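The values are calculated or read from the model by the stated rules, or taken from the named source; none is laboratory data. This one's a predicted model, so the numbers in the text were calculated from it and none came from an experiment. Cβ coordinates were reconstructed from backbone atoms using ideal geometry, including for glycine residues, and neighbour counts include every protein chain displayed.
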Amino acid sequence: NETRTLVDRHIVREALKSLEGTDIIAIMVEPFSIYEEDRFVLQKLKKLNKPAFLIINKMDKIKESQLESLKKNYLDLFLFDRIIPVSAKKGTNLSILMGEIIQRLPYHSIYYPSDFITDQPERILVSELVREQIFILTRAEIPYSTMVKVSQFEEREEGPIYIRVVIYVEQKSQKGILIGNSGKMIKKIGSLARKEIEKRLGCHVYLDLWVGVKKNWRRQKQSFKEMGYPS
């Protein structure tokens, strides 16, 4: 799978690496076509001896005959343990999916204490929570062109933690979309992200969001390191 940027390569590399430590592999696809990316992943799965589920989402969007044909086409590529059509929006077959997964999960000792929130550094956690709101609120191409960098994380003796986050985009037009009319979009992103951050950190936070333009940042190693990830 030929990827275009450092971000693309990192996502593919981390996804493949994570497969080795999993108990169950679940692949979710849309019920339309089998893409080259799907074929690439299925080829990698053949090297792993793990239970594998194919989850076909949006089952309500196609006819039963089309669904059966799609199942057959996927089984020709990989012998899945189960193929489960679902509708995430309507909740169809989700309880069946959860039951099948739980049934195949092995018992383990507890890896982390019950009050353990995350094994990620706080700065990465904050940047991911801000990025999550960008994905939810802007959709389309904007989220994939954003670099979220925590430039300041200051725990003060009194008052909330001060967190300054800079959101970089690749074009001026994208900056305008992120800020929104009279700053409404960036305020909404900040408000929702702050609530999530406070929930995870367990304390009050002052979240200060800024938006800047950094052309072609996804192709620059230095920019990728600034996000806290290896290039």
Which of (1) part of a loop (DSSP other than H, G, I, E, B); (2) modelled with pLDDT of 90 or more is the odd one out, the single condition LEU97 does not satisfy?
(1)
Could you run through the stretch 28-63 and say how many residues are in contact with a helix residue (DSSP H, G or I) (Cβ under 7 Å, 6 or more places away or on another chain), modelled with pLDDT under 90 and in a helix (DSSP H, G or I)?
3
Does the stretch 152-174 contain at least one residue that is in a helix (DSSP H, G or I), in contact with a Ser or Thr (Cβ under 7 Å, 6 or more places away or on another chain), surrounded by 15 or more Cβ atoms within 10 Å (Cβ to Cβ) and assigned by TED's automatic domain parsing to the domain that holds GLY212?
yes
Inspect the stretch 137-150 for any residue being modelled with pLDDT under 90, part of a helix (DSSP H, G or I) and closer than 30 Å to ILE24 by Cβ and give the result as yes or no.
yes
Select from the stretch 119-151 the residues that are surrounded by 15 or more Cβ atoms within 10 Å (Cβ to Cβ) and acidic (Asp, Glu) and write down the one among them that is farthest from LYS195 (Cα to Cα).
GLU122
TYR112 vs. criteria in a helix (DSSP H, G or I), aromatic (Phe, Trp, Tyr) and modelled with pLDDT under 90:
no
Examine the stretch 68-79 for a residue that is acidic (Asp, Glu), exposed (fewer than 12 other Cβ atoms within 10 Å of the Cβ) and within 30 Å of GLU155 (Cβ to Cβ), and state whether such a residue exists.
no
